[in-house]
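Only one structure is covered here, and it is reproduced in the block below.
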Amino acid sequence: MTLTTHATMGAVIGHAILNPIAAFVTGFIVHLLVDMIPHGDCDLADNFRIHKRNRKRAMAYVMVDAIIAMVFVMILFNVKDIVSIRNFTWGIVGSVLPDLLVGLYDLTKSRYLRWFFHLHFFFHNFWVKRKGDVPLYYALLAQLVLIAYLQTKL
């Protein structure tokens, strides 16, 4: 999933769960569960991590996604209520943290993050390795529709 999709789900979670700690934990867990849905980026990730190909394309994809997610979050935070902002924030942080930890592991190869890297990809590749992935453009279109739908819930 894109960071934007995870951030949107985190915002919805933060809106629905009025406790920031529960929103964070729920966002984190939902990230892993939603990543089980095939979403078209396995070839991109494999080319980046295993084959060391198309690294610029993968980095560009992540950077554009991160910028869109940040703009989206800034638009969301046009909320004036401080309690809502806190819940949104912690829901979003919990929802994007798994991907940020994977990125940190990619940069550092820290032995402290290795276990989480493998846990994340256990979920990420759960169905893809068994049934195959979907084309990236279909997945991005589906995520765009999901984001639009979820925004109606805020």
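Structure values in brief
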{"item": "Flag for Asp43 being in a helix (DSSP H, G or I), closer than 18 Å to Asp133 by Cβ, among the charged types (D, E, K, R) and at pLDDT below 70", "result": "yes"}
{"item": "Filter result for the condition that a residue is at pLDDT 70 or above, more than 13 Å from the chain's Cα centre (by Cα) and crowded, with 18+ Cβ neighbours inside 10 Å, over Val12, Val64, Val30", "result": "Val12"}
{"item": "Wholly enclosed helices (runs of 4 or more DSSP H) of the range 109-154 bearing at least 1 residues at pLDDT below 90 and farther than 23 Å from Thr8 by Cα", "result": "128-131"}
{"item": "Tally of residues being over 19 Å from the mean Cα position of the chain (by Cα), over 17 Å from Ala23 (Cα atoms) and either among the β-branched types (Val, Ile, Thr) or outside any loop (DSSP other than H, G, I, E, B) (or both) across the range 80-108", "result": "1"}
{"item": "Any chance Phe117 is surrounded by 16 or more Cβ atoms within 10 Å (Cβ to Cβ), without any contact (Cβ under 8 Å) to a residue 40 or more places away in the chain and either of a type in the set (A, V, I, L, M, F, W, C) or in contact with a strand residue (DSSP E or B) (Cβ under 8 Å, 6 or more places away or on another chain) (or both)", "result": "yes"}
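The values are calculated or read from the model by the stated rules, or taken from the named source; none is laboratory data. Keep in mind it's a predicted model, so treat the numbers as computed, not measured. Glycine also receives a Cβ, built like all others from the backbone with ideal geometry; neighbour counts cover every protein chain displayed.
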